[in-house]
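Below is one structure, written out as structure tokens; the observations come after it.
The values are calculated or read from the model by the stated rules, or taken from the named source; none is laboratory data. Model, not experiment: these values are computed from the prediction. Please note: Cβ atoms are built from the backbone with ideal geometry, for glycine as well, and neighbour counts cover all protein chains shown. For accessibility, only protein heavy atoms count, side chains too; no ligands or nucleic acids. Shrake-Rupley method; radii C 1.70, N 1.55, O 1.52, S 1.80 Å.
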Amino acid sequence: MKTTEGRALRLLVLGVVAAGLALPIMAGLWETGRAAFGILPAIGAEQPALVSWRQFMDLPGVRTSIALTLWTGIASTALSLALALGIAGAIHGCMRAGRVAQVLTPFLAAPHAAMAIGTAFLIAPSGWIARILSPWATGWTLPPDLATVQDRLGVALILGLMLKEVPFLLLVTLSALTQLPVRDQIAAGRAMGYAPGAVWARVIAPQVYPMIRLPVFVTLSFALSVVDMALILGPTTPPTLAVAMTRWFLSADSGLILPASAAAMALAALAAGSVALWIGAERVVARVGSARLRRGHRGLCASPAIRLAGLGGIVLLALGAGALLSLALWSVAWRWSFPRALPDSWSLAAWTRPGTGWQTALEQTLILAVSTTALSLALAIAWLEGEDRAGMRRARWAEALIYLPLLVPQAAFLFGLSVVFLRAGLSGGMIAVIWGQMLFVFPYVMLSLSDPWRALDRRMDRAAAALGAGPWRRLVAVKLPILLRPVLTAAAIGFAVSVAQYLPTLFLGAGRVSTLTTEAVTLASGSDRRVTAVHATLQSALPLTAYLTAIGLPAILHRRRRGLSGFFA
Amino acid sequence: MNALELRNVSVRAAGGSPLFPPVTLTVPAGAVTTIMGASGVGKSTLIDLIGGHLSADFEAEGRVVLNGRDVTRLPAEQRRIGILFQDALLFPHLSVGDNLAFGLAANVRGRVARRAAVAAALDQAGLAGFADRDPATLSGGQRARVALMRTLLADPLALLLDEPFARLDPDRRADLRAFVFRHVRERGVPVLMVSHDPDDASATGGPVVTL
């Protein structure tokens, strides 16, 4: 009977996901927590003690680090959300979601580290913007003494985070909007005397927000615990808590591991607290909003706000494009003296010179990306197919299982996980890194594939079954070909997530696995912009190629199938 | 005995009350029986049950017997019961010819023989030379005829028609109805149709059961 077979498959996949994804996170949190309270047998600490917490709080600049973390994390998320909702309001009805997704592709594909390096190349005192404006507008003939990158308030970090989070939240918002009768509701609102912007703020945004709430929490948790981008763009003395914690963990002084574990736990608590704060703010906004709504003020002021968001979107898009372009430019620059807008001389030396090591890093990056993507895709397809065959909807706890690795700040459990792996003899190898990356690759692959998979007309499957096709033939010959585009899109997203991973590679690879991302971040603190640019360019080019393949391949394979061309474009 | 039999068949939503009173009927080979009923009464659910496509939200009772064999517990693909849905449901990634080849029973062996069978089916549907066409470029009536041919090529032992004419224009409907019943009768298999259109029922000339 098909139901029992489907149930078995579904149970198997859930077991693999629980054991492979949830268990390592729990074990990692447990080990980090134990170390935070003084127990880490590996370095001879076996007595429970609170001393590591006192050490942690006594470390120089800790209070500033905590404040910086909260400020940059919450401000970047709030601004990104406001901007994404505003931009969605500005472009909805003018641009199709598929077209927007194409424009956003390079920004979604670029890893955080590459975007951070590009942003630094762009806005630094000696950056491209200063060069373009000098000396005719600014009078500078030397880079000015301004802290535009790594500034004490973390403005550069917030900007860098927004360059990545606004496109992500915008895409999520636009796909949520397709489930609402937006046009009709705006028409209804306008007929009652509300301007389109006012309808957007009062009617559409409150309906969209619940649909994008989890991605917003994911963004918040990520922004609070981001390391690579904060290393490059964030303040340095003191840095954000996640950066400080990483330094202590990797320090030669093993006495810092216990306070670092306390910092990791503190980071988890900060993330939980921030989400709680956020939920509180949601309530306040909802209450104030509905009170205003009941008064019936037509308040025409929302339209300028939306126009402002549209403008902000264009500025952000230009900055992001400039950042990515400056990466490519620096990788082929030879001499580039300060106030010149373009290099004085060009050279491929940074690419061809031996010893820069990008070939090895590229190879490792590809091995990791291909294996994590293939495994994640197989697991996701098995899960969805199991649900189909069992005829069962996804339980809430199963959905929570997918979100778990994205909601728990990775900085909080990765050290503990490396302890677990060390004990299991996995540490420092490719298997450990593949496993660690899977924790983040799989959820994105699964989330990206779930909706299109469910949107597939059930009766296609039934029609194939009525023609005598068994479950495997239906999967391989009917479902997967029809779903080719979303399957490839999910693969491209998984590939991009893998290429971008920094902390899991660093902690679980024990310094022995170096990818384009870890190399780029290390090089970014050095002096040779050209070699850094080569790594960051490659790092952005890989995911972009994956995305372009996901767009192009179905278009070629299905070029004569009109019924499929409009599927998700 | 070559017939499709329903013995005390009823369906209910999980934990709910039955959608309709238990149905017992026999459709002999070569005959067309029509089940009528208002929309929402559970006609399509009954078709799903007979074909083996009932979703897990439903619980079923009773037996479905085809040519003396109890198929109630068999998966859909092993029942050899063809279905014609309201929509043609041609696979969008396959050409018209490949859609037919997908349906064509596996015991027709050899590339040449299979191609000939597909071409013959297209010919019967008045669509000779359409093998390489994209299904999305066909008209609604053409798609419905391809869908019937695809179902028949699978060599079903019984046929279920789930309001197959409801989506067509009234003037096309009569044409297609005649086309479907002509081909279905030639097969000499039991045919069960659900519909809420009295014209459909009278066109079959067979018995009518109301749910």
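Considering only DSSP beta bridges where both residues belong to region B:3-210, give the percentage that are antiparallel (nearest 5). Before the final figure, lay out each step's value.
Values: 16 of 32 bridges.
Around 50 percent of the beta bridges assigned by DSSP in region B:3-210 are antiparallel ones.
Let me spell out the model: positive unit charges on the Cβ of Lys and Arg, negative unit charges on the Cβ of Asp and Glu, origin at the Cα centre of the protein assembly as shown. What dipole size does that give, in debye rounded to 20? Show your work: numbers first, answer last.
Working: 69 positive and 44 negative charges, 207 e Å.
Computed about the Cα centre, the dipole is about 1000 debye.
Cα gyration tensor of region A:400-462, axes a ≥ b ≥ c as square roots of the eigenvalues: rounded (a/c below 1.5), prolate (a/b > b/c) or oblate? Intermediate values should be presented prior to the final figure.
Details: a/c = 4.28, a/b = 2.44, b/c = 1.75.
Taking the square roots of the gyration eigenvalues as a ≥ b ≥ c, region A:400-462 is prolate.
Any idea of residue B:123's accessible area? Nearest 10 Å², probe 1.4 Å.
100
Whenever you get a sec, line up A:467, A:11 from highest to lowest accessible area (probe 1.4 Å, protein heavy atoms). Intermediate values should be presented prior to the final figure.
Values: A:467 20, A:11 115 Å².
Sorted by accessible area, descending: A:11, A:467.
What are the extents of the Cα atoms of region A:245-372 along their three principal axes, listed from largest to smallest and rounded to whole Å?
70, 48, 36
So how far, in whole Å, is the C-alpha centre of region A:197-245 from the one of region A:518-542?
25
Let me know the shape class of region A:421-569, please: from the alpha-carbon gyration tensor, a ≥ b ≥ c as square roots of the eigenvalues, rounded when a/c is under 1.5, otherwise prolate if a/b is greater than b/c, or oblate. Please list the in-between numbers first.
Values: a/c = 3.90, a/b = 1.84, b/c = 2.12.
Oblate is the answer for region A:421-569, as a/c is 1.5 or above yet b/c matches or exceeds a/b.
What are the semi-axes of the equivalent ellipsoid of the protein assembly as shown, taken as the square roots of 5 times the eigenvalues of the Cα gyration tensor, listed largest first and rounded to whole Å? Mind dumping the intermediate values first?
Values: eigenvalues 649, 173, 150 Å².
For the protein assembly as shown, the ellipsoid semi-axes come out as 57, 29, 27 Å.
Accessible area of residue A:163, 1.4 Å probe, to the nearest 10 Å²?
Near enough 10 Å² of accessible area.
Taking 1 over the mean of 1/r across every pair of different Cα atoms in region B:3-210, what Kirkwood radius in Å do you get?
Working: mean 1/r = 0.0567 Å⁻¹.
Final number for the Kirkwood radius of region B:3-210 is 17.6 Å.
Would you kindly give the portion of the calculated P(r) for region B:59-99 that falls above 15 Å, as a percent of all Cα pairs? It would help to have the intermediate numbers written out before the result.
On the way: 487 of 820 pairs.
Of the Cα pairs, 59 percent sit more than 15 Å apart.
Relative to a virtual label point 7 Å from the Cα of residue B:109 in the Cα→beta-carbon direction, which members of region B:133-164 show backbone nitrogen distances below 18 Å?
none
When the Karplus curve 6.51 cos²θ - 1.76 cosθ + 1.60 is applied with θ = phi - 60°, which whole-Hz ³J(HN,Hα) does each residue of region A:506-519 get, with x for Gly and Pro?
Ordered by residue, 3J(HN,Hα) equals 5, 6, 7, x, 6, x, 9, 10, 10, 10, 4, 5, 5, 5 Hz.
If you average the C-alpha positions of region A:324-390 and of region A:488-505 separately, how far apart do those two centres end up, in angstrom?
So the separation of the two Cα centres works out to 11 Å.
Given all pairs of different Cα atoms, what value in angstroms does the Kirkwood hydrodynamic radius of region A:176-269 take?
Values: mean 1/r = 0.0597 Å⁻¹.
Evaluated over region A:176-269, this radius sits at 16.8 Å.
Taking the Cα-to-Cβ direction at residue A:472 and at residue A:286 and moving 7 Å from each Cα, how far apart do the two end points lie in nm?
4.9
At a threshold of 8 angstrom on Cα-Cα distance, excluding pairs fewer than six apart, so keeping six or more, what relative contact order does region A:415-569 reach in percent? Walk me through the intermediate numbers first.
On the way: 139 pairs, mean separation 45.9, N = 155.
Reported relative contact order: 30 percent.
Before anything else, pin down the relative contact order of region B:3-210: Cα pairs under 8 Å, at least 6 apart, normalised by residue count, whole percent.
Working: 361 pairs, mean separation 65.4, N = 208.
In percent, rounded to a whole number, it is 31.
For region A:7-154, what does the equivalent ellipsoid look like in terms of its semi-axes, each the square root of 5 times an eigenvalue of the Cα gyration tensor, given largest first in whole Å? Before the final figure, lay out the partial values.
Working: eigenvalues 335, 195, 43 Å².
Gyration-tensor ellipsoid for region A:7-154: 41, 31, 15 Å.
Report, in deg cm²/dmol and to the nearest 500, the calculated mean residue ellipticity at 222 nm for chain B, where each DSSP H run with n ≥ 4 adds -39500 (n - 2.57) and the sum is divided by the residue count. Please report the intermediate quantities before stating the final value.
On the way: 6 runs with 70 residues, N = 211.
Estimated from H runs of four or more residues: -10000 deg cm²/dmol.
Once phi is turned into ³J(HN,Hα) by the Karplus curve 6.51 cos²θ - 1.76 cosθ + 1.60 with θ = phi - 60°, what whole-Hz value does each residue of region A:306-317 show in order, with x for glycine and proline?
Using θ = phi - 60°, the values come out as 5, 5, 4, 4, x, 5, x, x, 5, 4, 4, 4 Hz.
Can you work out the FRET efficiency for the pair residue B:65 and residue A:8, with r the C-beta to C-beta distance and R0 = 30 Å, to the nearest 0.05? Present the calculation step by step, with values, prior to reporting the outcome.
Working: r = 28 Å, r/R0 = 0.95.
With R0 = 30 Å, the Cβ-Cβ based efficiency is 0.60.
Per residue of chain A, what 222 nm ellipticity follows from adding -39500 (n - 2.57) for every DSSP H run with n ≥ 4, rounded to the nearest 500? Don't skip to the end; give the middle numbers.
On the way: 26 runs with 405 residues, N = 569.
Rounded to the nearest 500, it is -23500 deg cm²/dmol.
Taking every residue in B:82-92, how many Cβ atoms of other protein chains lie within 10 Å of its Cβ, on average? Intermediate values should be presented prior to the final figure.
Details: counts 4, 6, 2, 4, 1, 4, 1, 8, 3, 12, 12.
Mean shielding count: 5.
Extending each Cα 7 Å along its Cβ direction at residue A:178 and residue A:334, get the distance between those two points in nm, one decimal.
4.9
Which loop chymotrypsin sites (Phe, Trp or Tyr not before Pro) in region A:1-76, with loop taken from DSSP, have no more than 12 other Cβ atoms within 10 angstrom of their Cβ?
Numbers: sites: A:30, A:37, A:53, A:56, A:71; in loops: A:37.
Of the chymotrypsin sites (Phe, Trp or Tyr not before Pro), not one in the loops of region A:1-76 has a Cβ with at most 12 other Cβ atoms within 10 Å.
Counting alpha carbon pairs within less than 8 Å and at least 6 residues apart, what relative contact order, in whole percent, applies to chain A? Write down the numbers at each step before the final one.
Values: 834 pairs, mean separation 141.5, N = 569.
About 25 percent, as a whole number.
Just tell me the longest site-free run in chain B, where the sites are trypsin sites (Lys or Arg not before Pro) in a DSSP loop having at most 12 other beta-carbon atoms within 10 Å. Show your work: numbers first, answer last.
On the way: sites that count: B:73, B:109.
That would be B:110-211.
Heavy atoms of the protein only, probe of 1.4 Å, neighbouring chains included. What is the accessible area of residue A:372 in Å², nearest 10?
Roughly 0 Å² of residue A:372 is accessible to a 1.4 Å probe.
Treating the beta-carbon of each Lys and Arg as +1 and of each Asp and Glu as -1, no other charges, what is the dipole magnitude of region B:3-210 about its Cα centre, to the nearest 20 debye? Before the final figure, lay out the partial values.
Values: 23 positive and 22 negative charges, 131 e Å.
Dipole about the Cα centre, nearest 20: 640 debye.
Taking a ≥ b ≥ c as the square roots of the Cα gyration tensor eigenvalues, with a/c under 1.5 meaning rounded and otherwise prolate when a/b beats b/c, else oblate, which class fits region B:104-161?
Values: a/c = 2.26, a/b = 1.18, b/c = 1.93.
Here region B:104-161 falls in the oblate category.
So if we plug the beta-carbon distance of residue B:26 and residue A:553 into 1/(1 + (r/R0)^6) with R0 = 51 Å, what FRET efficiency do we get, rounded to 0.05? If you can, show how the numbers build up before the last one.
Numbers: r = 52 Å, r/R0 = 1.02.
The value I calculate is 0.45.
So which residue, out of B:142, B:86, B:78, gets the largest mean-square fluctuation from a GNM of chain B using Cα contacts under 10 Å as springs?
Ranking B:142, B:86, B:78 by mean-square fluctuation puts B:78 first.
Expressed as a whole number of Å, what is the distance separating the alpha-carbon centroids of region A:415-446 and region A:98-169?
That distance is 32 Å.
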